[in-house]
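Worksheet: the structure to be examined is printed underneath.
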C-alpha cells in the first residue's frame, strides 16, 4: 500500500513548524526554520511542485536534518551568488541586489548519505533551505564548493 502523502506531509509540517532555532557548530550561528524552507521541500525553483516520490523521503528525514545541523562541526560545500530581489518600501516595488550564501552539510546517518542546505540572504538569518536524501558524491565533486543549483535542489 502506498504511503498516505497528505498525512506524511501534515506530520512533517507540524514537526517543522514547531522547530526552534538551533545552534550550528559548523557555522557558529543559529539556524532558523521558516515556511520558505518547508515550501522548498515541496516546490522546486519557479514554484514547480516536486513529484511526491521526491517529497516523501524529504519529509521523512527532517529529524535527521536537525541532527546534522546541531552536531556537525564542518561544512563540505559553500557557494555565494548575487541576485536581484524584489523589495517593497512604502508600497513601491524596487529591485535590490543581495548576496545569497549557501552551505552544504553532508553526513551519513543510519546508513543514509544526506545533504542539508542552509541559506542566508544578505544580512538576514541563516535558515534551513533544503534536505537531499540519497545524496551521492565523487572525488571530482567533493570540496568546498556547491555543485548543482541550490535554488533548485
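The values are calculated or read from the model by the stated rules, or taken from the named source; none is laboratory data. Owing to the predicted nature of the structure, the values given are computational and were not obtained by experimental measurement. For neighbour counting, all protein chains shown are included, and Cβ atoms are generated from backbone atoms with ideal geometry for every residue, glycine included.
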Yes or no: residue 63 part of a strand (DSSP E or B) and either in contact with a helix residue (DSSP H, G or I) (Cβ under 8 Å, 6 or more places away or on another chain) or surrounded by 14 or more Cβ atoms within 10 Å (Cβ to Cβ) (or both)? no
Within the stretch 35-45, the count of residues that are in contact with a helix residue (DSSP H, G or I) (Cβ under 9 Å, 6 or more places away or on another chain) and over 19 Å from residue 114 (Cα atoms) comes to 1
Of the criteria (1) in contact with a strand residue (DSSP E or B) (Cβ under 8 Å, 6 or more places away or on another chain); (2) within 22 Å of residue 99 (Cβ to Cβ), which one residue 45 fails: (1)
Sort out which residues of the stretch 35-51 are loosely packed, with under 15 Cβ neighbours inside 10 Å and touching a residue at least 24 places away in the same chain (Cβ under 8 Å), and write them in order of number. 36, 45
Residue 36 fails exactly one of the following numbered conditions: (1) assigned to a helix (DSSP H, G or I); (2) within 21 Å of residue 121 (Cα to Cα); (3) modelled with pLDDT of 95 or more. What is the number of that condition? (3)
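For (1) modelled with pLDDT under 95; (2) assigned to a strand (DSSP E or B); (3) closer than 22 Å to residue 57 by Cα; (4) in contact with a helix residue (DSSP H, G or I) (Cβ under 7 Å, 6 or more places away or on another chain), each residue gets a yes or a no:
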| residue | (1), (2), (3), (4) |
| --- | --- |
| 101 | no, yes, no, no |
| 108 | yes, yes, yes, no |
| 116 | no, yes, yes, yes |
| 120 | no, yes, no, no |
| 129 | no, yes, yes, yes |
| 135 | yes, no, yes, no |
| 141 | yes, no, no, no |
| 151 | yes, no, yes, no |
Flag if residue 3 is at pLDDT below 95, over 14 Å from the mean Cα position of the chain (by Cα) and either closer than 23 Å to residue 123 by Cα or exposed (fewer than 15 other Cβ atoms within 10 Å of the Cβ) (or both): yes
Can you find, within the stretch 5-26, the residue that is nearest to residue 113 (Cα to Cα) among those that are assigned to a loop (DSSP other than H, G, I, E, B) and touching a helix residue (DSSP H, G or I) at 6+ places or on another chain (Cβ under 9 Å)? 26
For the list (1) more than 15 Å from residue 128 (Cα to Cα); (2) touching a strand residue (DSSP E or B) at 6+ places or on another chain (Cβ under 6 Å); (3) in contact (Cβ under 8 Å) with a residue 12 or more places away in the chain, I need the number of the one condition that residue 73 fails. (2)
Here is a check on your reading of the model: is residue 83 surrounded by 14 or more Cβ atoms within 10 Å (Cβ to Cβ), without any contact (Cβ under 8 Å) to a residue 40 or more places away in the chain and closer than 18 Å to residue 118 by Cβ? no
